[in-house]
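Here is the structure we will look at.
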Amino acid sequence: MENQSEIKLESKNLELENDGLVYLKEIRKWTNFLSILGFVMLGLMLLVILIVIPASKPALIGRFEWLAFIPVLLITFIYFFPIYYLYMFSRYSKQSLINSDASLMTIALKYLKMHYRFMGIMIIVILSIYVIVLLVMLSMGSFMDLF
């Protein structure tokens, strides 16, 4: 990772060449597509909660049927934020490119930073869970060998 002291954070004007603006415009289109696709997938997950799970009520066990909603709701809640940040990047970068407004591009880049930071933290958490599960499984396997 980069050391923050190596990067001079001075207020300077940064100008992009036409190729850079074309690349940024294409990035914005892809982030818009991916964010809309993400929102559609979240909507489908909510449909699973609202339609499919209650329809399979006889298959669920008695009064604990609401427990089936928890994993899908949790995943939907967690994935909403990076998709939202990606959408906001797309929205603000589009306005910035249309109006040639550097302050809007700053806001857009803030949302892109939030998206990547959220995804990075989420990956660290998921990998940590994998390591913990692996260690528990290995310790249980070793424990079972004793008997």
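What follows draws every value from the coordinates through simple rules; no lab data is involved. Predicted, not measured: the structure shown is a model, and the values here were computed from it. So basically every Cβ, Gly included, is an ideal-geometry build from the backbone, and we count neighbours across all protein chains shown.
The simple spin-label model puts a point 7 Å past each Cα toward its Cβ; for residue 134 and residue 41 those points are separated by 2.4 nm.
Peptides 101-108, 41-48 ranked from most to least packed give 101-108, 41-48, packing being the mean of other C-beta atoms within 10 angstrom over each peptide's residues.
Evaluating 6.51 cos²θ - 1.76 cosθ + 1.60 at θ = phi - 60° for every residue in the range 103-118, the Karplus couplings come out as 5, 5, 5, 5, 5, 4, 5, 4, 5, 5, 4, 5, 4, 5, 5, 4 Hz, glycine and proline recorded as x. Put simply, when 71-79, 124-132 are sorted by average Cβ atoms within 10 angstrom per residue, most first, you get 71-79, 124-132.
Estimated at 0.36 nm per residue, the fully extended path between residue 19 and residue 103 surpasses their Cα-Cα distance by 28.2 nm.
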